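Please treat every number below as a calculation from the coordinates, not as lab data. None of the values given here were measured: they were computed from a predicted structure. As a convention, Cβ positions derive from the backbone with ideal geometry for all residues, glycine included, and neighbour counts pool all protein chains shown.
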Amino acid sequence: MIVRDHKDAEASAVDEEKFISRRYTLRADGMGHSVHETYIKPGQALHMWYKNHKESVICIEGEGRIEDLTEGGSWELKPGVLYALDKHQKHILSSEKGMTVLCVFTPSLVGPEDHDAEGSYPLYDDDGTLIKH
């Protein structure tokens with residue numbers, strides 16, 4: 001059984017200008033997905049495209065907006081609202097006052113991934129070898 005708390009997740013956190021991603025489970029845990037708690041900092045808009053991963057996200061605190069740049073549409077996010085990027089949609093995730101979301105990535109992240117210029121995470125092998133951008 002894997003049991004981790006917020007302090008454990010802080011140890012593997014990625015802290016960027018626009019967000020903080022705390023990673024609770026990663027590929028080495030063998031779950032087939034990784035779980036992250038992400039805080040979108042106030043006034044930020046993140047342009048992303050997870051071309052190598054699928055992601056499900058549920059808002060747990062604060063408010064924001066998800067805009068689908070691939071298929072169109074825009075939705076308000078508040079606690080209890082989930083969105084899933086089932087077709088690798090390009091999107092903008094934004095929040096005026098800050099927002100916390102729980103994210104599940106498939107395939108799971110290895111750990112140090114950071115967004116590239118396209119707003120994507122590269123795909124790594126289990127040993128950390130780059131498979132594709």
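Between beta-carbons, use under 14 Å as the cut-off and find the net charge around Ala9, counting Lys and Arg +1, Asp and Glu -1. Every neighbour counted, the sum reads -2.
Think of region 35-75 as a dipole: +1 on every Lys or Arg Cβ, -1 on every Asp or Glu Cβ, centred on the Cα centre; then among Leu69, His53, Ile40, His53 lies furthest on the positive end.
Across region 1-120, the mean sequence separation of Cα contacts (distance under 8 Å, 6 or more residues apart), normalised by length, yields a relative contact order of 32 percent.
Only the Cβ atoms of Lys and Arg (+1) and of Asp and Glu (-1) were treated as charged; on that basis the dipole of the chain about its Cα centre amounts to roughly 200 debye. In plain terms, the bigger the Kirkwood radius, the slower the diffusion; for region 75-129, with that radius from Cα pairs, at 20 °C and 1.002 mPa s, Stokes-Einstein puts D at 158 µm²/s. With a Förster radius of 22 Å applied to the C-beta separation of Glu10 and Met31, the computed FRET efficiency comes to 0.65.
Rounded to whole numbers, the Karplus 3J(HN,Hα) couplings from phi for region 40-47 are 8, 5, x, x, 9, 10, 9, 8 Hz, using 6.51 cos²θ - 1.76 cosθ + 1.60 with θ = phi - 60°, and x at Gly and Pro.
Our summary of shape: the Cα atoms of the chain have principal axis extents of 37, 31, 25 Å, ordered from largest down, in whole angstrom. Residues whose amide H lies under 5 Å from that of Lys41, counting only those 5 or more places away or on a different chain, are Phe19, Ile20; hydrogens are built 1.01 Å from N in the peptide plane.
Qualifying chymotrypsin sites (Phe, Trp or Tyr not before Pro) in region 33-133, where qualification requires a DSSP coil assignment and no more than 12 other C-beta atoms within 10 Å, are lacking entirely. Taking trypsin sites (Lys or Arg not before Pro) in DSSP loop conformation with at most 11 other Cβ atoms inside 10 Å as exposed sites, the chain has its longest uninterrupted site-free stretch at 1-86.
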